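Q: Dropping a structure here in structure tokens format, bear with me for questions.
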Amino acid sequence: MGAILDAVEPPAGYTLVKGALQREHGFRDFAEALAFVNRVGELAEREKHHPDIEIHWNRVTLRWWTHVKDTVTDRDYELAEKANSVL
């Protein structure tokens with residue numbers, strides 16, 4: 001990650017894990033988890049920037065990083081913030 005972004009605080013709930021901004025979200029059940037994944041998917045398509053997503057019965061893990069640069073960029077910080085807003 002570049003020196004400029006090193007000084008930037010991750011968005012609420014996110015941490016830097018293995019070269020990506022990562023956050024796990026908990027839900028009551030699979031239906032809530034899936035609905036959240038669909039909202040994030042719509043956001044990602046609209047913004048043309050896509051996270052890695054893991055979905056389990058009642059939790060979803062998002063990982064934002066820029067694949068072509070193999071690092072976290074300002075775009076990842078921006079989309080992580082936006083993903084927080086679709087909770």
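The values are calculated or read from the model by the stated rules, or taken from the named source; none is laboratory data. Every value quoted in this text rests on a predicted model; they were computed, and no experiment measured them. As a convention, Cβ positions derive from the backbone with ideal geometry for all residues, glycine included, and neighbour counts pool all protein chains shown. Ligands, DNA and RNA are stripped out before the accessible areas are found, and what is left, the full protein with its side chains, is counted by its heavy atoms. Shrake-Rupley method; radii C 1.70, N 1.55, O 1.52, S 1.80 Å.
Q: Quick check for me: using +1 on Lys/Arg Cβ and -1 on Asp/Glu Cβ, what's the dipole size of the chain about its Cα centre, in debye to the nearest 20?
A: I would put it at about 120 debye.
Q: How large is the accessible surface per residue of segment 28-76, computed with a 1.4 Å probe and reported in Å² as a whole number?
A: Heavy-atom SASA per residue in segment 28-76 reads 62 Å².
Q: Measuring from label point to label point, each 7 Å out along Cα→Cβ, what is the Asp74 to Val86 span in nm?
A: In this crude label model, Asp74 to Val86 measures out at 2.3 nm.
Q: So, one more: Tilt of helix 30-47 relative to the longest C-alpha principal axis of the chain, in degrees (0 to 90, nearest 10)?
A: 40
Q: Moving to a separate point now. Explain nothing, just the number: relative contact order of the chain, from Cα pairs under 8 Å at least 6 residues apart, as a whole percent.
A: Worked out over the chain, it gives 35 percent.
Q: Given a 1.4 Å probe and every protein chain left where it sits, what share in percent of the accessible area of the chain is carbon and sulfur?
A: 53
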